[in-house]
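Below is one structure; the comments refer to it alone.
Where a number appears in this text, it was derived from the coordinates with a stated rule and is not lab data. Just so it is clear, the model here is predicted, and its values are computed rather than measured. Because the Cβ atoms are built from the backbone with ideal geometry, glycine has one as well, and the counts that use them run over all protein chains shown.
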């Protein structure tokens, strides 16, 4: 095993929440008489929600944020599901003695809820969410915070995510990075960020971890 800790983004990496996010924005933007193209919404995944809301709604950002949060909590569990093979990957990492952590821009309560709904919470040792750091992706602080809690040197850590913000965050922290192609970003978008590896399924990540 090449790393002593593997950190993961949550939405679009471990759990499929794209439909949840799109539906939440469609509803909340509509309630405010606003709209945004699907591509615009997808391009914001990975950024702090409050920043995205101000980007879409200007000085009504707080109103949009509250509407989004209130509505999403009512539909959350129906939309969240793990990507195929994620449980098997986590079991593999545990067998190898590897630490598992989550670094997400999601609010802590929903991050834990999403992990529980997907049945992944029992594997995870640390969750660094929106409230846990002052700076957020793509700044390095969230990854460094998780590694500090785990007591793991950044040189022995890998951060896995599906967006350019994830790759930048990991690289800015000094960790190795892996991009996954089943989330919100294209392989071309990930390639431009220069991750150490781009994977198309979890088996390819296992191969990378084993040095193949």
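Points worth noting:
- Cα→Cβ-extended label distance, 7 Å offset, between residue 109 and residue 207, nm: 4.3
- Given their separation in residues at 0.36 nm each and the Cα-Cα distance between them, residue 196 and residue 31 gain 55.2 nm when the chain is fully extended.
- Highest-MSF residue in the chain out of 33, 12, 170 [GNM, Cα springs under 10 Å]: 33
- Each DSSP beta bridge with both residues in the chain is either parallel or antiparallel, and the antiparallel ones are about 10%.
- Taking the chain as a Gaussian network of alpha-carbon nodes connected by springs under 10 Å, the highest mean-square fluctuation of the residues 99, 76, 200 belongs to 200.
- Anisotropy class of segment 86-175 from Cα gyration tensor, a/c 1.5 cut: oblate
- Each Cα pair of segment 1-120 feeds into the Kirkwood radius, which the Stokes-Einstein equation turns, at 4 °C and 1.567 mPa s, into a diffusion coefficient of 84 µm²/s.
- For the chain, the longest principal axis of the C-alpha atoms and the axis of helix 164-173 are separated by about 50°.
- Among [x] 32, 18, 15; [y] 28, 17, 16; [z] 50, 18, 12, the entry that matches semi-axes √(5λ) of the Cα gyration tensor in Å as calculated here: [y]
- Angle in degrees between helix 18-31 and the longest Cα principal axis of the chain, rounded to the nearest 10: 20
- Convex hull of alpha carbon positions in segment 18-79: directionally averaged projected area 3.7 nm².
- Considering only 196, 166, 59, the Gaussian network model of the chain with Cα springs below 10 Å gives its largest mean-square fluctuation to 59.
- Estimated purely from DSSP H runs of n ≥ 4, each contributing -39500 (n - 2.57), the mean residue ellipticity at 222 nm for the chain is -14000 deg cm²/dmol once divided by its residues.
- Each label point was placed 7 Å from the Cα along the Cα-to-Cβ direction; for residue 148 and residue 123 their separation is 2.7 nm.
- Each Cα pair under 8 Å and six or more residues apart adds its sequence gap; the mean of these over the residue count of segment 18-79 is a relative contact order of 41 percent.
- Relative contact order, percent, the chain [alpha-carbon distance under 8 Å, six or more residues apart]: 25
- Tensor-based shape of segment 86-136 (alpha-carbon gyration tensor, a/c under 1.5 rounded, otherwise prolate or oblate): oblate
- Cα shape, segment 153-210, gyration tensor, a/c 1.5 rule: oblate
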